[in-house]
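I have placed the structure first, in the form of structure tokens, so that the comments after it can refer back to it.
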Amino acid sequence: MLDEYSEYYAGLLETTYDCVDRIVLNAYFGMGQAAGGFRTWWRQLLGSDDDLDHAHLMRMAGRFSRRVRAHARAHQIPVIDCAPGERKHEVAEEYLPQDPHFTGVFLILVARAPAPVFDVQCSKSGKIVNLARKFPYVNHYSFHLLDPEWGHVTIKMSGHPPFGAQVMLNGHEYVACQARKEGLQFTKEGNCFTQISEATRLAQIAETLSSADSIGQLRQVCERWIYSACLCFGLDLAEQEKTHFHYDYSIYQEEYSRNLLFQRGCELEQVFQGTIDRTRCLLDVRTLKTIFGTQKRPFRHLGHKEPRCEVVLERPAYDLTVFKIHFGKITAKIYTKGERVLRIEIIVHNTKELHCGRSLPAFSEIVSHLKTILNRFLNALHGIDVASLSQESLDDWHKPSQVGQTRVGGVNINQPRMRAVMEAVIALTAGRSSAWVSLC
């Protein structure tokens, strides 16, 4: 069941499909998250914790770096040290292999970012006094690879034990790979399908990412690469087996989008610009709380930045307008892709904000939450959009008009009787709207 906004403009659409977009998974070694567990793992690795100190931890990080660069030189894989703020996905696009049958790592990017690292404090006799986890800036290695099922996959791993990692996937890449296997014809511009031969079948493939079966597929793609292509530079396969090193996964970020493919680009531009002009000034905090399904606006935690709660209109390029709503760690976006696609996205920057769990088994529930927010967002836009009248319509109210075969008179708002009726209708509408908001 589509939202009211999409159904209202269904006559102008060629097709529509929903898709999970960016997925970011945190990969972590459960035993290495606490000081006691990390010390036990070190004993399993080296036999004792006599060498557990800052120098040996730094040597392990240095070994990771040397192995990565030596392997890259041997297999002619580019290794690029990125400057702060550099957009790494744009760098990776320049190195994408042209061979459609290529699989494996094709690029490694190195950049600094915070990561959990254990700080060892020893006494003068060499005994461990304290083992504390800190989050300094250390080198991270982003392994860009091509997977036969998921397309372009990025695994960013810290070079310091316990080797925390992030796995970044894209739902559109997955749908494109599955569509090619089934022989579907499509045109893909960036992260969007602009031409689809069998829209119904492609929508069904995209829908599989929202089901519980996709949890196993996510785990499989992670297990397929993270040990053999990334962790092996810090711990070889024998050391992984000896210490029972195994990653668990949690969902950190996720995006869900609805893509409306219009028949004509001019109609898309007219609908989109009209929606922005009529709705952006009427989306107050009370309406935003209804859209995002909460009774409170985002508030500042002690020691953290003030959360964003605002409606923003951005123009990053001369032919692109992005309408955003920031509500804490959740963002709603509506913008155009290509000439005929209107995309609506809901992005959760930290899934903790949804209060439905972050472990991998909660993936389908998180998708359901994002889909619900997206529907409420578009329903709110539709409610404001259809209730608005252009300035030309207001000027022509007093003129007679035609409804089918019946000629009807105009409305003269200068008459006291008509003004009284309008005031009564407005008062009743406001009362019902307030009641609806309080119930939501």
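The values are calculated or read from the model by the stated rules, or taken from the named source; none is laboratory data. Bear in mind the structure is a predicted one, so any value in this text is a computation, not a measurement. Here the Cβ is made from the backbone with ideal geometry for all residues, glycine too, and neighbour counts use every protein chain on show. Accessible surface is based on the protein model in full, side chains and every heavy atom, while ligands, DNA and RNA are left aside. Shrake-Rupley method; radii C 1.70, N 1.55, O 1.52, S 1.80 Å.
Of all the listed residues (ALA199, ALA203), the sole one being farther than 26 Å from ARG358 by Cα, open to solvent by less than 60 Å² (accessible area, probe 1.4 Å) and within 21 Å of the chain's Cα centre (by Cα) is ALA203.
Conditions (1) in contact with a Gly (Cβ under 9 Å, 6 or more places away or on another chain); (2) of a type in the set (D, E, K, R); (3) in contact (Cβ under 8 Å) with a residue 24 or more places away in the chain, marked per residue:
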{"position": "VAL311", "(1), (2), (3)": "no, no, yes"}
{"position": "VAL322", "(1), (2), (3)": "no, no, no"}
{"position": "ILE325", "(1), (2), (3)": "no, no, yes"}
{"position": "THR331", "(1), (2), (3)": "no, no, no"}
{"position": "GLU345", "(1), (2), (3)": "no, yes, yes"}
{"position": "GLU353", "(1), (2), (3)": "yes, yes, yes"}
{"position": "ARG376", "(1), (2), (3)": "yes, yes, yes"}
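The set of residues in the range 210-241 being of a type in the set (A, V, I, L, M) and part of a helix (DSSP H, G or I) consists of ILE215, LEU218, VAL221, ILE226, ALA229, LEU231, LEU237, ALA238. Considering the conditions (1) assigned to a loop (DSSP other than H, G, I, E, B); (2) open to solvent by less than 40 Å² (accessible area, probe 1.4 Å); (3) without any contact (Cβ under 8 Å) to a residue 60 or more places away in the chain, LEU96 is excluded by exactly one of them, (2). For the range 154-191, the set of residues classified as part of a strand (DSSP E or B) and free of Cβ contacts under 8 Å to residues at least 60 places away in the same chain consists of LYS156, SER158, PHE186, THR187, LYS188, listed by residue number. Report, by residue number, each residue of the range 47-62 that is part of a helix (DSSP H, G or I) and either surrounded by 14 or more Cβ atoms within 10 Å (Cβ to Cβ) or of a type in the set (Phe, Trp, Tyr) (or both). Those that are part of a helix (DSSP H, G or I) and either surrounded by 14 or more Cβ atoms within 10 Å (Cβ to Cβ) or of a type in the set (Phe, Trp, Tyr) (or both): HIS56, LEU57, MET60, ALA61.
Of all positions in the range 381-390, none carries a residue that is at pLDDT 80 or above, part of a loop (DSSP other than H, G, I, E, B) and farther than 22 Å from SER211 by Cα. Taken together, MET168, MET157 contain a single residue that is closer than 27 Å to ALA113 by Cβ, at pLDDT 95 or above and buried (at least 22 other Cβ atoms within 10 Å of the Cβ), which is MET157.
Filter the range 64-84 down to residues that are part of a loop (DSSP other than H, G, I, E, B) and open to solvent by 80 Å² or more (accessible area, probe 1.4 Å) and give me whichever is nearest to GLY159 (Cα to Cα). Write out each step before concluding.
To start, the set of residues in the range 64-84 that are part of a loop (DSSP other than H, G, I, E, B) comprises 75-78, 82-84.
After this cut, where a residue has to be open to solvent by 80 Å² or more (accessible area, probe 1.4 Å) as well, the list is 75-76, 84.
Details: HIS75: 20, GLN76: 21, PRO84: 18 Å.
Out of the qualifying residues, it is PRO84.
Each row is one residue, and each column tells you yes or no for (1) assigned to a loop (DSSP other than H, G, I, E, B); (2) among the charged types (D, E, K, R); (3) open to solvent by 60 Å² or more (accessible area, probe 1.4 Å).
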site	(1), (2), (3)
ARG112	no, yes, yes
GLN121	no, no, yes
GLY126	yes, no, no
ASN130	no, no, yes
PHE143	no, no, no
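Annotation: of all residues in the range 171-195 being among the aromatic types (Phe, Trp, Tyr) and at pLDDT below 90, the one that is surrounded by the most Cβ atoms within 10 Å (Cβ to Cβ) is PHE193.
Taking every residue in the range 244-269 that is in contact (Cβ under 8 Å) with a residue 24 or more places away in the chain and over 23 Å from ASP21 (Cα atoms) and pairing it with any residue that is charged (D, E, K, R) and in a loop (DSSP other than H, G, I, E, B), at least 6 positions away or on another chain, the pairs with Cβ-Cβ distances below 6 Å are GLY265/GLU339; GLY265/ARG340.
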